[in-house]
Every structure is written in structure tokens, then in C-alpha cells.
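Each remark here refers to the structure printed beneath this line.
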Amino acid sequence: MTLREIQKILDAELICCEEGLDLEITAAGGSDLMSDVLAFGQPGILLMTGLTNSQSVRTADIIDAKAILYVRGKKPDEGGIALAKDKGIPILSTKHMMYAACGLLFQAGLPGVGRHRDDGR
Amino acid sequence: MFCDDGLSQHFQIRGKDFSRAGRVSTTIKEILQEVGIDPIIIRRAAIACYEAEMNVVMYAQRADLILNLTPDEMTIRIEDEGPGIEDIDKAMQEGFSTATDEMREMGFGAGMGLPNINRNADTFWIGSILGKGTVLIITFNLKQAGRT
């Protein structure tokens, strides 16, 4: 589904990079722990998080996430927004809590990232 | 600096500088994209580099990072001035961490850093002297295909 559809499903506010709203998103992953995102995130995902410092945006860039969704009505700090604009990473913010946001997207057909592989890859 | 047989570049990482944390890794990722390295390898290198950079920011006073690129191999060497690691075997275990609350609030310190560097690298060497610092040497085979 597109980021625009995700925005509609979650009644989310667009924080930056409107030009990315038509990006196709094929999977999502949610965590406040960037260590986990770096270990288990996959390229092209929508990163869902409640962590608002600039490390959330930097982590998204490092793992080649396509977009970021902040839950619980949170928004990234100024440094994070500046970095997202620089990298062209669209940012959405929804008032839904993490569990509900994930549930709504999953229900709409957006899968999560694959299970943790025991072979460490 | 570009030369005939590759590229070598030096970066400095400042400890405890959380506002700038990750900038070196972002810069290295941009360099690798400019050079035209395979995107899968770039992603693995960026993740390893970022984990290492965050370790320096969280635990050490400072570090020198040297990126060396040849047509066959990429090497990232990080040498920090810091407390060193008391038990490297323990530090290599997923979930083992000595992180503070401040580090955890940054979204890090879950004990995933070194194992994740190891997972993404083709070879990984770590050495540490207590009270002096830690050296990481991370390499990526640029001729290898098929890894994801």
C-alpha cells in the first residue's frame, strides 16, 4: 500500500516530505529500540516508533527504511526533521498507540518484517 | 582521498556527543553510494559502522575511524580511547550490556551492538585493553555476491 493510504488509515499528520506519499510500502516494523531496528529491520520498510530523537531518523536512513511513522502523537525533534528532509524520508505522526497503529495496518494487509532468523542473518 | 588503488579516509568520533552521533556513519554511507558499491553491502557496512559509532559515543572519549576501500575489500578500523572491554566474550553475547539509562533513552544499549557488527561483517576483529581503549577491524568482501 502507499504511504498516502497509511496516512488515511491512521489519520496521520504529515510532518515532512510530501513528495514521498505515493511511495509503495510493502512491510512495516515497530520498535522504540533502535538496537533492535538495526538488528532486525529490513530495507524498504515503514519504521514505526515512539522514539523522537534524531537517532530514530538516522537509524531509518542507515537501514534504508522508506518512511517513518511516529505513534502516540509524537513528533521528531528539529534535528530529526532536518535530517529526514535532507535524506528525503517522509515522516507521519499518528495519535494511535503503537499496538493499535500496528494492528490497523496489519488488518489492512500490510505485513510485518520477517521473523528473526536463527542463522543470524 | 582517492588514489589509484582505492580510497582511504579518516574520521574522528567524539564521545558523549549524542547530538552528532551517527554523522560519520551517514557520511560513510554517502561515500559508498557515490563510489557505487553494491547497495546490499552498503547497508551492511552502514549498520556495522553506526553500531560501532554509537558504541564510541556511548562509552569512549574519542575515536579515529579509518575507511579503506580497494576494488576487492572494504575495511573499517575504529580505534577508541576509552574504558576498554573487560570481557569481550560476554560483550559479544546478544543482550549483554553495561549501558546507562541515558543510553537506553537514546534507543541503544540493548546489548546488540557488537553481535550486530559481527553479523553484518565478513570478518570482524576486536581487541581491547582495560583503561586504554578498544580497536575494531571490520571488513567486507566487495567481490562476493549473493549475501543479503
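The values are calculated or read from the model by the stated rules, or taken from the named source; none is laboratory data. Keep in mind the model is a prediction, meaning the values are calculated, not measured. Positions of Cβ are generated from backbone atoms using ideal geometry, with glycine treated the same way; all protein chains shown enter the neighbour counts.
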>> Quick test for you: out of A:K8, A:K75, pick the one residue that is basic (K, R) and in a loop (DSSP other than H, G, I, E, B).
In response: A:K75
> From the residues in the range B:111-137 that are in a strand (DSSP E or B) and of a type outside the set (A, V, I, L, M, F, W, C), which one is nearest to the other protein chains (Cβ to nearest Cβ)?
Replying inline: B:T123
> Which one of these is without any contact (Cβ under 8 Å) to a residue 60 or more places away in the chain and farther than 23 Å from A:K66 by Cα: B:I76, B:I66?
Replying inline: B:I66
> Condition test on A:L92, is it at pLDDT 95 or above, touching a Leu at 6+ places or on another chain (Cβ under 7 Å) and in a strand (DSSP E or B)?
Replying inline: yes
>> Please verify whether B:F96 is part of a strand (DSSP E or B) and either of a type in the set (K, R) or closer than 19 Å to A:L38 by Cβ (or both), treating the condition exactly as stated.
In response: no
> Can you pull out the residues in the range B:31-73 that are closer than 24 Å to B:K16 by Cα and acidic (D, E)?
Replying inline: B:E51, B:E53, B:D64
> Across the range B:73-102, what is the total count of residues that are modelled with pLDDT under 95 and either more than 17 Å from the chain's Cα centre (by Cα) or not aliphatic (A, V, I, L, M) (or both)?
Replying inline: 14
> Can you tell me how many residues in the range B:69-92 are under 25 Å from A:T59 (Cβ atoms) and assigned to a strand (DSSP E or B)?
Replying inline: 8
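Let's see how each residue does on (1) in contact with a Cys (Cβ under 7 Å, 6 or more places away or on another chain); (2) surrounded by fewer than 18 Cβ atoms within 10 Å (Cβ to Cβ):
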residue	(1), (2)
A:D22	no, yes
A:N53	no, no
A:V57	no, no
A:R72	no, yes
A:I91	yes, no
A:M97	no, yes
> Of these, B:A21, B:A46, which one is in a loop (DSSP other than H, G, I, E, B), surrounded by 19 or more Cβ atoms within 10 Å (Cβ to Cβ), at the interface with another protein chain (Cβ under 9 Å from one of its Cβ atoms) and in contact with a helix residue (DSSP H, G or I) (Cβ under 9 Å, 6 or more places away or on another chain)?
Replying inline: B:A21
> Taking the range A:33-58, which residues are at the interface with chain B (Cβ under 7 Å from one of its Cβ atoms) and either out of contact with any helix residue (DSSP H, G or I) (no Cβ under 7 Å at 6 or more places or on another chain) or within 15 Å of B:I47 (Cα to Cα) (or both)?
Replying inline: A:L33, A:M34, A:S35, A:D36, A:L38, A:A39, A:P43, A:Q55, A:S56, A:R58
